[in-house]
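Have a look at the structure below before the remarks.
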């Protein structure tokens, strides 16, 4: 849908991207962007062009402690796949060893891989839309898209943990097909631990720009401990 | 498809493609890809954040927020939205502007930097586009058509993260005049960009 006044939209989009649209007007515009593909497209247009105004910026190397802090917040292993490779090798070696010792020890040596919490998000008619599985032991969130309703261009579905007594915590944008696997941050894990429900909101492509739901909450589903 | 419907008419550069591949790997929860993305993009994003926030500690905190956000949203980026660096720079700038709401009253620990980037002497290599920015003379051509005051106000806003009120104070011009310069500057830019795209 193209809003009635494209000139106004374009003027607001330009001032939003430039950064001079401030305060409640900025918040309102972000909500508008979240619900209107046309508004979102105008923002992308200005983001792409105005980026060139930063041409004269000289890159500044951030101090060395910033990257470990990001890694910590995202709960990532220090050496990424190298560490996984080492772990896999160790696991393979242990499997060979325990195979010789007997199947009982073999099964005990494997880490639990069952989901620790599950939520099925369905329409009121009972059509399953997503399966959300939390693997608390490995800090992974797996979301599987089922039969989704048609989605407006320029929008994404975003998943939220609803911790008791706290604000919603984003669990990332939902896949529209297939399965997505995400690493859980410490904040997300903690929020999930005190959530008995999850919610899905409609957000601009890429997810809420504010860290809180900005569009309509379209689904709420119970989150049940399992395993 | 008209150029207006398409954020970037120019083909992706090798650097764009590299960032796109890394974002795709981040979406698949590959932390090595995030590390590489950080190595490539953090210096320019940190420069943006430092310029707007003026305080290194705050900029460092914002840089963390930006990369947490990039990791969480990586799966949602697609080349049809434009260049990956424009997307990442927007995440950084909007985060900084949000933080300014709370922090502008705190004294800056980094002294105010000259906002007027174009007025600084450029070396030969600086006149060419840096590696992170695709070569495009279009915006520069369109900016050159604006009045000096319009151009200056747009630079103060985009690069420095200054509000209308800040710019009024910095330039010693009435608020209404500043708003008008910016509005007209953006209008002229759009006309020029669209004219060039036809």
Which of the numbered conditions does residue A:133 fail, given that it passes all the others? Conditions: (1) within 30 Å of residue A:44 (Cβ to Cβ); (2) assigned to a strand (DSSP E or B).
(1)
Failed criterion for residue A:21 (all others in (1) at pLDDT 95 or above; (2) within 19 Å of residue A:208 (Cβ to Cβ); (3) within 8 Å of chain B (Cβ to nearest Cβ) hold):
(3)
Are any of the residues in region B:103-112 on the phi < 0 side of the Ramachandran plot, surrounded by 15 or more Cβ atoms within 10 Å (Cβ to Cβ), modelled with pLDDT under 95 and under 16 Å from the mean Cα position of the chain (by Cα)?
no
Across (1) under 19 Å from residue A:20 (Cα atoms); (2) in contact with a helix residue (DSSP H, G or I) (Cβ under 6 Å, 6 or more places away or on another chain); (3) touching a residue at least 12 places away in the same chain (Cβ under 8 Å), residue B:168 clears everything bar (3)
Just need a number here: residues in region B:47-61 that are surrounded by fewer than 18 Cβ atoms within 10 Å (Cβ to Cβ) and under 14 Å from the mean Cα position of the chain (by Cα).
0
Based on this model, can you work out whether residue A:96 counts as crowded, with 22+ Cβ neighbours inside 10 Å, assigned to a helix (DSSP H, G or I) and modelled with pLDDT under 95?
no
The number of residues in region A:68-80 that are touching a helix residue (DSSP H, G or I) at 6+ places or on another chain (Cβ under 6 Å) and free of Cβ contacts under 8 Å to residues at least 40 places away in the same chain is 4
Filter the strands (runs of 3 or more DSSP E) completely within region A:150-227 down to those with at least 2 residues that are at pLDDT 85 or above.
A:155-163, A:169-173, A:195-204, A:217-222
Which of (1) within 22 Å of residue B:50 (Cα to Cα); (2) in contact with a helix residue (DSSP H, G or I) (Cβ under 7 Å, 6 or more places away or on another chain); (3) at pLDDT below 95; (4) within 11 Å of another protein chain (Cβ to nearest Cβ) does residue B:154 not meet, given it meets every other one?
(3)
If you go through region A:33-50 one residue at a time, do you hit one that is at pLDDT below 90 and more than 14 Å from chain B (Cβ to nearest Cβ)?
yes
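The values are calculated or read from the model by the stated rules, or taken from the named source; none is laboratory data. Note that the structure is predicted; figures quoted are calculated from it, not measured. Here Cβ is always computed from backbone atoms with ideal geometry, including for glycine, and neighbour counts include all displayed protein chains.
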